[in-house]
1. If you bin every alpha carbon distance in the range 124-210 into 5 Å steps from zero, what whole percent lands in each bin?
2. Under the definition of Cα pairs under 8 Å and six or more residues apart, what whole-number percent is the relative contact order of the range 195-257?
3. When the Karplus curve 6.51 cos²θ - 1.76 cosθ + 1.60 is applied with θ = phi - 60°, which whole-Hz ³J(HN,Hα) does each residue of the range 148-153 get, with x for Gly and Pro?
4. If you project the alpha carbons of the range 52-175 onto the principal axes, what extent comes out on each, in Å, largest first?
5. Whose amide H sits under 5 Å from the amide H of K3, counting only residues 5 or more places off or on another chain, with H placed in the peptide plane?
6. Debye calculation, C-alpha points only, no solvent: report log10 I(q)/I(0) for the range 1-104 at q = 0.20 Å⁻¹, in the same order as the q values.
7. Past the 18 angstrom mark, what percentage of all C-alpha to C-alpha distances in the range 28-82 do you count?
8. Please give the FRET efficiency for M1 paired with Q109, using the beta carbon to beta carbon distance and R0 = 45 Å, rounded to the nearest 0.05.
Amino acid sequence: MKKLTIVKIGGQILDDETALSEFVSLFVQLSGEKILVHGGGKLVTELAVKMGIEPQLIEGRRITDQASLKLATMVYAGFINKNLVAQLQQKHCNALGLTGADAQLIQTQKRPATPIDFGWVGDLYATSVDAERIAQFLEWGLCPVFSAITHDGQGQLLNTNADDIAAALAIALTQYYEVSLLYCFEKKGVLSDINNENSVVPLLSFRDKEQLLKLGIIAQGMIPKINNAWKASQAGVTSVRIQKSGDLLNPDSGTRIQF
């Protein structure tokens, strides 16, 4: 089987021009086929405040009303996505910027309004990803770059967690490739002490995960990364790792998820 690397980039890296440029330079050096998935950084929140759209959060999760969805689509699928594509093209990586709506690649369903109505947020399901079509793009020498915008097949765009998208892509494409999934952000990996940058947990088992969740060490934005990484590992993704973006080419860096 051919090898495929799926990299999800997020966190402060998207807001730091120098760090992002360094990441792009490393990403293009990855061997084999590759896919990039990105979140939105802080730009949506900053623009929302300027436009008088008050960000709404419940337990750390963003409520996506109609105004917020329009803004997220403009920023995620527009500026951030095309900025990444342009930087990749500069490095001679033939990138193709995408949402889930393009070519019907990722279809989701609106999250149920109970017990909390998160608005226009999309949830993935088992057949959300058109793996065959994405594999065709890869065979044509293209590098798909997915934003965190999907659709429901009925004309409605939906804001979807980029960590979820990366895991769903990795799982779906295991039928065509030997897949490695990398979650890259500003930290060196999963830390046993959030105040100590060097306290990286090199190997995370289910027991370790549950213990760190119980202690509150794995919290907030790290929770969906861990849960998705674990799900992907269980589903047959060859290698799953959480690491610092600058360590992208080091296969021994960060935290390896062990099912």
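1. Spelled out bin by bin, the range 124-210 gives 2, 11, 16, 19, 17, 13, 11, 7, 3, 0 percent.
2. 42 percent
3. The phi angles translate into 8, 10, 10, 8, 9, x Hz.
4. Principal extents (Cα only, largest first): 43, 33, 26 Å.
5. E33, E178
6. Reported log10 I(q)/I(0), two decimals: -1.10.
7. For the range 28-82, the share of Cα pairs beyond 18 Å comes to 40 percent.
8. Details: r = 31 Å, r/R0 = 0.68.
Once the sixth-power term is evaluated, E becomes 0.90.
Bear in mind these aren't lab numbers, they're just calculated from the coordinates by the rules spelled out. Only a predicted model underlies this, so the values are computations on that prediction, with no experimental measurement involved. Cβ sites come from the backbone with ideal geometry, for glycine too, and all protein chains shown count toward neighbours.
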